[in-house]
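The values are calculated or read from the model by the stated rules, or taken from the named source; none is laboratory data. Just so you know, these numbers come straight off a predicted model, no measurement behind them. Don't worry about glycine lacking a Cβ; one is built from the backbone with ideal geometry, like all the others, and counts go over all protein chains shown. The protein model used for the area step is the full one, side chains on, heavy atoms only, and it has no ligands, DNA or RNA in it. Shrake-Rupley method; radii C 1.70, N 1.55, O 1.52, S 1.80 Å.
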Amino acid sequence: MAGSDLFVGTLDLLILKALTWGPLHGYAIGRWIRQSTHDELKIQEGVLYPALHRLERRGLVDEEWGVTETNREAKFYRLTTAGRRELRQQQSHWQRHVAAVGAALSLTRA
Amino acid sequence: MKRLLRLSLGVADRRRDIERELRAHIEQRTDELMAGGVSPAEARREAEAAFGDYGAIAETCNTIRRDRDRERRWRGAWDSIRQDVRHGLRLLVRNSGFTTVALLTLALGIGATAGLFSVVYALLLRPLPFPDDSRLVRVGEGNLASGESGFGISIPLAEQITAESRGLEAGGYRIGLAVQVRSGGEAREVQAAALTAGAYKALGVSPQLGRLPDATENDGQGSAVLISHGYWQRELGGAADVLRGTVQINTRAVPIIGVMPAGFIFPSVETELWLPALRLDDRMRNRGVHIVEFVGRRRPDVSQAELQAELQRIYENGQLSEPGSDAGHRIEVVPLRRWMVGDSRVAVLMLFGAVGLIMLIACANLAGLQLARVASRSRELAVRAALGAGRWSIVRQLTVEALMLGLAGCVMGALLAPVVQTLIVRAYPGGLPLTTQIRIDARVLLFAAATALLAVLLFGVLPALHAIRSRRLASLQAGMLRATAGVDRQRARRALVVFEVAVAVVLALSGTLVARSFARVLSKPAGFDTDRLLVLSISIARDRLADERVVQFYQDLPRHLEAVPGVISASAANTLPITGGDSHGSLSIEKRSFSPGSEPPASYRRVLPNYFRTMGIPLLAGREFDARDAGREPFVVIINETLARQHFGQASAALGQRIKVGVPDNEPWLTIVGVVGDVRNESLEAMDPQATYEPHPQRPWRSMQLVIRTQGDPVATAPAVRRALRALDQFMTLGEVSTMRHRIADSVAPRRFTTQLLVAFAALALLLAALGIYGVTSYGVNERRRELGIRSALGASTSGIRALIIGQSAVLAGIGLLIGIGVALAVQQFLERFLFEVPATDPLSFGITVSVLAAITLLAAYLPARRAARSDPAAVLRE
């Protein structure tokens, strides 16, 4: 799997965010990530699934079989209450992190 | 919630599920590409490439899900158990009556059985403080003809065995003695043991400090001493320079050469000093004098039977070379442990068995109560079953409740066990042997846990299993449910009652038999007047008074004692009746010959003048000893009635005849000058068949037991007597003052102890069984309210209904009685060991047991029966 630890945590965060608009199946989640990051993040599509299962094991998402728009069966994932809470926490943590690093990087040599 | 109810998929299902999901993704990608105009084959290839390493991803997902399923399973089980515990606690608190009874029963039962187990284990199973103790044996002698056994052996035989035996790796003998030890100005009597070098070797124990006696110290003068660990700590304060110290033994300062390890016991807990072999004078060194205890270590490749046969051969060879004085005996080889533990073994085992039986009855009662509780919860359980809880979840619920009770009971019982242990050790008359081995350790706690588990099984799980087996548990028709399940439960409870009654009958029967035996023992006449007799042992050390002066000292003694106010008469003997400790030897009669060993050995003792008058032993012919019998020719002896009758026809005919007891052939004959009544010399349980008495000057002895007949209370006279003795000699060793009554009570104390306990247990068992009968009858009456109401309405009289109920309980008790009697008859042989002159089939005891059982059954069944007869039929039928 490519990427650093930071990357894996980021993936979880993105998945949780993707689900805030309602249940999605794995393929749709991948599509949302590509679109909303303006194709900046290129991930292998299969990498999503272990991440999704880990989130399910931690109780942050629920899973259920359903039917897609194209009439194919797929497994849908839905955010749980605990998942919502986790998303809020991780999001604010991420923002603080970015702000801190950014502040450090924007210092110019005086 | 959905999470909890979701069934976890099997392994194959899991893989398939993951495959479906991953495949679906690839299909979607493929579709998208195809919609963009790519060919199906190309689209699929691209989709799969974009996906990544399918195999690795699928495997990772599988692992994650597998771990998730496992976690869920555990959490589910843990949650249901937690639920059971909470629910169970609530129920137990609500039914506080049952809970209290159950906890008390378990705590007492487990505590008692565990406490007794610790004693049984220490006495019978825990290895003794010697290396490889299973090979240690004690060698004794017995007489086949008289059935007596367990004597010590003679010094010549001991030396012969040490020299000639090949089956023994090492062996030697011990002489037990009490010595006077002075420390810090105070003198006290201490138990000591003088062991030969062979005996030390056989035991195989090395001192913790110092060394064993060496060759120079084995000269027989007692010039070195080993002290016990306890003595070192208590008397010498655990001083580091102990090996430079001495012990003041009988006015001599004996150097300490070693300290034995803590926990070393030989031959009993009371022995505190060990000496090298002592040299006794030659009169003690003949084959007729059974004075030493032989201990040996058997070779590993020799069995006990082989050793016994070899020693018997050695003994018989010895007889050939020195015939006459000790013939016809049988050598007895006993494992040392068995000899050290002695009679207490049987008593303790019996108590353990009795407590176990009581525990069984108590658990049966609890099981009955539990069945009743299950009945009252039948509605709740039925609802559970209807909701799909499954039979096993109900069993689990009931088991968890029982386990909680069991755990609490086990902890309480474990706290109680040391108390029980201390009680037994303190209360056992004469003290239990090997007390330093008795302690509470992991084994005892494990036993307590096992007992708790067994109890839980009996009263918790079995009723639970029974409850779910009863048919139509799922049916919510309360009436039907009660009828069918109720019948099953009643049958189970009745079976429990029969069981309880049977066990109680066994205990009650044993108790009655043992009590009758005890009464018989007490009823036996002692052969002398036991009233107002003061008893006191004294001893003169060798360095205080030379041998020649000892005789005169004792001849003068009665005169000094009779001068004390309150004393009617005084005398002495070296061993007294009832308390035993007599010496035995073979009997020879002048001008008669009988085959050696065909007669029981005669007991012999030395007495002062007026002994028989003081003791109140009737003189049937001839005279008492007096000033004439001063240890010169002609040597005299007095014998008892049975001996006279047996060999001479009648008492008067014995006078003038001559006999020898326990001496080699070259010793002079003794002339019979008197015949006295028979006395129970060893214990109350048997008359001494052949007793002989010699005047003290003929066989002087330094330790004598004084007997003083007093006007009033003997104890009141004791201080004056002590003062008189001290006035004669300051350094005399004085033993404890006691009365003959007291000594007799002590001699039957073990029997009294077991009798009292067994009777108490029997009473407890009967009480518990009565409670069981009451419970079952009461419940049955409740269940049958309607039927009884109908009977009453149809004209049955109140006494008729009462009789019906009582009759049915009586049937239960009757079946239990028969089973109990059957068991008692089956273990007859085991019971006979405790009985005295009462057969195990004694009709009176059976009669008493049956009557008591009938009475308590009547009583237990009467109250519910009366309630049944009194109930208003109209009210019941209206329900």
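Annotations
- For B:LYS201, no lysines have a Cα closer than 25 Å to its Cα, not counting residues fewer than 8 places off in the same chain.
- Phi-derived couplings, Karplus 6.51 cos²θ - 1.76 cosθ + 1.60 at θ = phi - 60°, listed residue by residue for segment B:297-313: 10, 6, 5, x, 8, 10, 7, 4, 5, 5, 4, 4, 4, 5, 5, 4, 5 Hz, with x used for Gly and Pro.
- Phi angles of segment B:235-243 translate, via the Karplus equation with coefficients 6.51, -1.76, 1.60 and θ = phi - 60°, into HN-Hα couplings of 7, 10, x, x, 4, 6, 9, 4, 6 Hz per residue; Gly and Pro are given as x.
- Residues whose amide H lies under 5 Å from that of B:VAL607, counting only those 5 or more places away or on a different chain, are B:GLU694, B:HIS696; hydrogens are built 1.01 Å from N in the peptide plane.
- The loop-placed GluC sites (Glu not before Pro) in segment A:1-91, going by DSSP, that have at most 13 neighbouring Cβ atoms within 10 Å of their Cβ come out as A:GLU40, A:GLU69.
- Accessible area per residue in Å² at 1.4 Å probe, computed on the protein assembly as shown: 47
- Calculated mean residue ellipticity, 222 nm, chain B: -18500 deg cm²/dmol, from DSSP H runs (n ≥ 4) at -39500 (n - 2.57) each, averaged per residue and rounded to 500.
- Angle in degrees between helix B:155-164 and the longest Cα principal axis of chain B, rounded to the nearest 10: 60
- The charge dipole of segment B:214-334, taken about its Cα centre with unit charges on the Cβ atoms of Lys, Arg (+1), Asp and Glu (-1) only, comes to about 60 debye.
- With all protein chains modelled, accessible area of B:LEU177 [1.4 Å, Å²]: 40
- Three-way shape call for segment B:45-130 based on the alpha-carbon gyration tensor, with the a/c threshold at 1.5: oblate
- Carbon + sulfur, % of accessible area of the protein assembly as shown - ligands and nucleic acids excluded, 1.4 Å: 58
- If you sort A:HIS25, B:HIS229 by accessible surface, 1.4 Å probe, largest first, the order is B:HIS229, A:HIS25.
- The A and B chains share an interface that buries close to 2600 Å² of accessible area, total over both sides, probe 1.4 Å.
- As a rough guide to protection, the peptides B:753-763, B:710-720 ranked by mean Cβ packing within 10 Å, highest first, stand as B:753-763, B:710-720.
- Within a straight-line Cα-Cα reach of under 21 Å, A:LYS42 can be paired with the following lysines, leaving aside sequence neighbours fewer than 8 residues apart in one chain: A:LYS17.
- Cα gyration tensor, segment A:1-87 - rounded (a/c under 1.5), prolate or oblate: oblate
- Shape annotation for segment B:748-812: C-alpha extents along the principal axes are 62, 19, 15 Å, from largest to smallest.
- Derived scalar couplings ³J(HN,Hα) [segment A:90-104; Karplus, 6.51 cos²θ - 1.76 cosθ + 1.60; whole Hz; x for Gly, Pro]: 5, 5, 5, 4, 4, 5, 5, 4, 5, 4, 5, 5, x, 4, 5
- Peptides B:440-447, B:769-776, B:36-43 ranked from most to least packed by the mean count of surrounding Cβ atoms within 10 Å: B:769-776, B:440-447, B:36-43.
- Straight Cα distances below 26 angstrom link B:LYS591 to the lysines B:LYS660, with same-chain residues fewer than 8 positions distant left out.
- Residues whose amide H comes within less than 5 Å of that of B:GLU169, counting only those at least five positions distant or on another chain, are B:ARG297, B:ARG298, B:ARG299 (H built at 1.01 Å from N in the peptide plane).
- Segment B:606-756: C-alpha gyration tensor shape, a/c 1.5 cut-off, then a/b vs b/c: oblate
- Here the Gaussian network model covers chain A, with springs between Cα atoms less than 10 Å apart; of A:THR70, A:THR80, A:THR20, A:THR70 fluctuates the most.
- For chain B, share of DSSP beta bridges that run antiparallel, in % to the nearest 5: 80
- Over chain B, relative contact order from alpha-carbon pairs under 8 Å, at least 6 apart, %: 15
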